[in-house]
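Contents: one structure, followed by commentary.
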Amino acid sequence: MKKKIICFFLAACCLGLTSMAAHKYYVSVFQMDYAPEKKVIRMTARIFIDDFEATLNKKYNRKFYFGSSQEDKDATTFLKTYLSEKIAVKVNGKAKAITYLGRETEEDVLVCYYTIPAEGKIKSIWVRNIILTESYPEQQNIIHTNINSNKKSLMLTNDKKEGTLEF
């Protein structure tokens, strides 16, 4: 009887773990750190490559193969265009340009680096981030900030496309 109970418990655990693995999460993480000596906010975006490629493939009707030997020669241009359409930032109520610095891949994640000009004391940051929401209605874009030694976060979704953090 004990063997049957143990077998049942193990089977239930395996089935539970298998069903959890099948559930897909759509999340991108953005880190924004203020560098007062440079008068910029450094922004790092971490986006799952498969979700990003599927969205860009559909939008631009071409394959990109980010981070592979088959990468499209114009992949960076399309990446920059797409992200500039989907992210906007205001610092202290003023719209700011987002400057693309570069990118790299970490396993299945595309990591993009940006700077945003930020002169003087930062009192608020407004962010609009709709990356991947056209392909994945469940997409969550999490914004972590470290401004004036003050850490705050914001979660943006298809229903909540923008938000403001006060410092």
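Among the residues of this structure, L79 counts as one that is crowded, with 17+ Cβ neighbours inside 10 Å, over 22 Å from K160 (Cα atoms), aliphatic (A, V, I, L, M) and modelled with pLDDT of 95 or more.
Quick test of your reading of the structure: Q31 fulfils all but one of (1) within 30 Å of W126 (Cβ to Cβ); (2) without any contact (Cβ under 8 Å) to a residue 40 or more places away in the chain; (3) surrounded by fewer than 18 Cβ atoms within 10 Å (Cβ to Cβ). Name the failing condition by number. Single failed check for Q31: (2).
Taking the residues in segment 35-70 that are part of a loop (DSSP other than H, G, I, E, B) and charged (D, E, K, R) as candidates, determine which candidate is nearest to I125 (Cα to Cα). Applying the filter and picking the extreme gives K39.
Go through segment 39-75 residue by residue and tally those that are charged (D, E, K, R), exposed (fewer than 14 other Cβ atoms within 10 Å of the Cβ) and over 19 Å from Y114 (Cβ atoms). So that I can check it myself, show each step before the final result.
Of segment 39-75, the ones charged (D, E, K, R) are 39, 42, 46, 50-51, 53, 58-59, 62-63, 71-74.
Filter once more, so that each one left must be exposed (fewer than 14 other Cβ atoms within 10 Å of the Cβ): 39, 50, 58, 62-63, 73-74.
In the following step, the residues that additionally are over 19 Å from Y114 (Cβ atoms) were identified as 50, 58, 62-63, 73-74.
Number of matching residues: 6.
The values are calculated or read from the model by the stated rules, or taken from the named source; none is laboratory data. Because the structure is predicted, anything quoted here is derived from the model rather than measured. Positions of Cβ are generated from backbone atoms using ideal geometry, with glycine treated the same way; all protein chains shown enter the neighbour counts.
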